[in-house]
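The values are calculated or read from the model by the stated rules, or taken from the named source; none is laboratory data. Keep in mind it's a predicted model, so treat the numbers as computed, not measured. Heads up, the Cβs are rebuilt from the backbone with ideal geometry, glycines too, and the neighbour counts pull from every protein chain shown.
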Amino acid sequence: MQSHYLFDEHFCLVGRPNEKGQVEGLVGFTRRNFLVPVPRTSSLEALNEELQQRCRADLERRLRGQAATKAAVRELVTRGLLVFDAPHRRYDLHPIVRQYAYDRLGDKVVDELVGLLNDMDATFRAELRELNERNFQRFEAKLEERVGGLDAALRTEMANLRAELRTEIANVKADLIKWMFLFWVGTLGTLIALLKLWG
């Protein structure tokens, strides 16, 4: 797989199964956003260049719940100004930077800054909620359309099945009457023959 997709392995940490889902999520994101539709290029070098451009463009995307772009967050993490707060699943100021900000800027300014960031986060959550509601409405409409199509197909199939069943029952009924007639004719013939012998 490594030679096909041209990647280096990076194993998950022991006891951290959540990393596997993150990796698979990123693989899915990459496939959906960079490889669909399948890129048409003249060479492998051209494909690599196109994928690098798409990755660089993706660095300017803002992740859900983040006030900055991916590139800005990466730069702050690289410089050690931000740390990932795992329990809350968000980035936060490094404790030393936080203390420095409080010492230099004062509690009021830092609290206002934190409040501004929280407001931005709340606004983003509201936008995300609206987006999710619109997506759910579209999903619900598509689901109703598909269920309606399935309902029509099911009704057609049931009507065909009923017609086949009626035909089969009619055939069985005709066969049954034919065999009953033969049985009674045979029984009646035997009875007449017995009566002639005794009479």
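The selection criterion, being assigned to a helix (DSSP H, G or I), out of contact with any Gly (no Cβ under 7 Å at 6 or more places or on another chain) and modelled with pLDDT under 70, does not hold for residue 74.
Note on the stretch 31-56: residues that are within 21 Å of residue 72 (Cβ to Cβ) and either exposed (fewer than 10 other Cβ atoms within 10 Å of the Cβ) or under 24 Å from the mean Cα position of the chain (by Cα) (or both) total 3. Only a single criterion out of (1) among the β-branched types (Val, Ile, Thr); (2) at pLDDT below 70; (3) not assigned by TED's automatic domain parsing to the domain that holds residue 126 is not satisfied by residue 114, namely (3).
Checking each residue of the stretch 120-142 against the condition of being modelled with pLDDT of 80 or more and β-branched (Val, Ile, Thr) gives no match.
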